[in-house]
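**Q** Starting off with a structure, shown below.
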Amino acid sequence: MFNVLFSVLAYLLGSIPFGVLIGKGLYHKDIRSFGSGNIGTTNAFRAFGPRGGLLVFLFDMLKGFLPVMIAHLVPQLTWDAMIYGIFAILGHSFSLYLRFKGGKAVATSFGAALAYSPIFALLSIAVFFIVLWVSRMVSLSSILALIASSILVTFFMPDVSWLFRGLVYGITLLIIVRHIQNIKRILNGTESKIQHFSSKKKR
């Protein structure tokens, strides 16, 4: 029973639309009125700039991180810790507070992975930021980071649980499917780019 209740709490936590809350609270903007209308990190960078995008990334990441980390610490939670991360991811993608609409779950998935397998998550996020720095496209960075994650669990992490491995494959497929329009814009050369954090304003 305790496992079920915590799974529901993880879903409700994942459902919190931080992209909407941060946009309205700090920037007086509705993120859903910009770009793709998505509430996640990619559109947050587009709507609020690098600092706002990172803030949304951080809070969305914590939605996946906290349930998995708590599951590691509380003996009464006997299910595989990643199960609670999956509920948080589902909450982000199908938010109860947004009539079951939501984001693409990149940041929340990273948070769950960070709590479950820190080395794996840090290697994946390293790929994300390297691609982001070179391309300045959050969408491309997300796609390549997840593809790299799938390669990592397939060939370099033989001892990882089947649940974690399946989640990585599933999230990778989900991210690619939900980025179809972004992929088309990347191929057409019309995908939006962010400014580098070190960029100086032109005089």
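The values are calculated or read from the model by the stated rules, or taken from the named source; none is laboratory data. Everything numeric here is computed off the predicted structure, so don't read it as measured data. Backbone-built Cβ (ideal geometry, glycine too); neighbour counts: all protein chains shown. Remember, those area values only see protein heavy atoms, side chains included, never the ligands or the DNA or RNA. Shrake-Rupley method; radii C 1.70, N 1.55, O 1.52, S 1.80 Å.
**Q** When you go through Phe110, Phe156, Phe94 one by one, which is the residue that is buried (at least 24 other Cβ atoms within 10 Å of the Cβ) and not polar (S, T, N, Q)?
**A** Values: Phe156 fails: buried (at least 24 other Cβ atoms within 10 Å of the Cβ); Phe94 fails: buried (at least 24 other Cβ atoms within 10 Å of the Cβ).
Step by step, each of Phe110, Phe156, Phe94 is checked, and only Phe110 is buried (at least 24 other Cβ atoms within 10 Å of the Cβ) and not polar (S, T, N, Q).
**Q** Listed residues Ile143, Ile171; which is at pLDDT 90 or above and surrounded by 18 or more Cβ atoms within 10 Å (Cβ to Cβ)?
**A** Ile143
**Q** Gly103 passes all but one of (1) part of a helix (DSSP H, G or I); (2) within 30 Å of Gln195 (Cβ to Cβ); (3) not hydroxyl-bearing (Ser, Thr, Tyr); which number fails?
**A** Gly103 satisfies every listed condition except (1).
**Q** Given the residues Leu5, Leu12, which is the only one that is surrounded by fewer than 17 Cβ atoms within 10 Å (Cβ to Cβ), modelled with pLDDT of 95 or more and out of contact with any helix residue (DSSP H, G or I) (no Cβ under 7 Å at 6 or more places or on another chain)?
**A** Leu5
**Q** Which condition number in (1) of a type in the set (A, V, I, L, M, F, W, C); (2) assigned to a helix (DSSP H, G or I); (3) open to solvent by 10 Å² or more (accessible area, probe 1.4 Å) is the one that Ala44 fails?
**A** Ala44 satisfies all of (1) of a type in the set (A, V, I, L, M, F, W, C); (2) assigned to a helix (DSSP H, G or I); (3) open to solvent by 10 Å² or more (accessible area, probe 1.4 Å) except (3).
**Q** Could you please let me know if Ile89 is open to solvent by less than 50 Å² (accessible area, probe 1.4 Å) and aliphatic (A, V, I, L, M)?
**A** Answer is yes for this residue.
**Q** Taking the options Phe6, Phe57, Phe87, name whichever one is within 30 Å of Gln195 (Cα to Cα) and in a helix (DSSP H, G or I).
**A** Phe57
**Q** Test Ile147 against the stated conditions and say whether it is touching a residue at least 60 places away in the same chain (Cβ under 8 Å), in a helix (DSSP H, G or I) and either among the small types (Gly, Ala, Ser) or at negative phi (or both).
**A** No.
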